[in-house]
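Taken together, the values in this text are just the output of simple stated rules run on the coordinates, not laboratory data. All values derive from a computational prediction rather than experimental measurement. Every residue, glycine among them, receives a Cβ derived from its backbone with ideal geometry; neighbour counts consider all protein chains shown.
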Amino acid sequence: MHAEPLRDHDRPPCDPFRHPRCLFGGDGWGFFGQASFADKATSPITTFFNAGLGGNGLLPERPSDEFGISYAYTDLSEDLKDNLNLAGVDARRLRVEHQLEAFYNVHFARWFEVTGDLQIVRPNRPAAEIAVVPAVRLRFGF
């Protein structure tokens, strides 16, 4: 059985952090970011932003490899914190959440990739410890 390659309209939506080429249109490096703000009375998250750098060719001898590093900030609504307190959850000390993520995607062949990823999250609950989450992903394309 012969499998046809994916056409552009068959591909999933662009994720600039994990696949920088889909945003920047080819080889190179680029910055990305997004920001959102919401009314504290209608949304549990009032402020969110992230920013990062991604691209390929970090190492000259590996021009097809991709990399990315990103920082994200999430702040909760004071109204949400107040409502959690009414529900018996001590939310007065909830704080801003910070997230940092970095990955490196090694292209061994067109059909085989290995990605290393590291996420570090400082949660909004002070009682929770900082989470450090390493991961490795293998991708085989057929």
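Points worth noting:
- Highest mean packing comes first when the peptides 58-66, 101-109 are listed by Cβ atoms within 10 Å, giving 101-109, 58-66.
- Backbone amide hydrogens, once placed in the peptide plane, bring I45 within less than 5 Å of S77, excluding anything fewer than 5 places away on its chain.
- Whole-Hz couplings from phi, Karplus 6.51/-1.76/1.60, listed for the stretch 118-135; x for Gly and Pro: 9, 10, 10, 10, 9, x, 6, 8, x, 6, 7, 7, 4, 9, 10, 10, x, 8
- Net charge contributed by nearby residues that have their C-beta within less than 14 Å of I120 (K/R +1, D/E -1): -3
- Derived scalar couplings ³J(HN,Hα) [the stretch 98-105; Karplus, 6.51 cos²θ - 1.76 cosθ + 1.60; whole Hz; x for Gly, Pro]: 10, 10, 10, 9, 9, 9, 9, 10
- Under 5 Å between amide hydrogens, built in the peptide plane, is the criterion, and for D65 it picks out G57, H107 among residues at least 5 positions away or on other chains.
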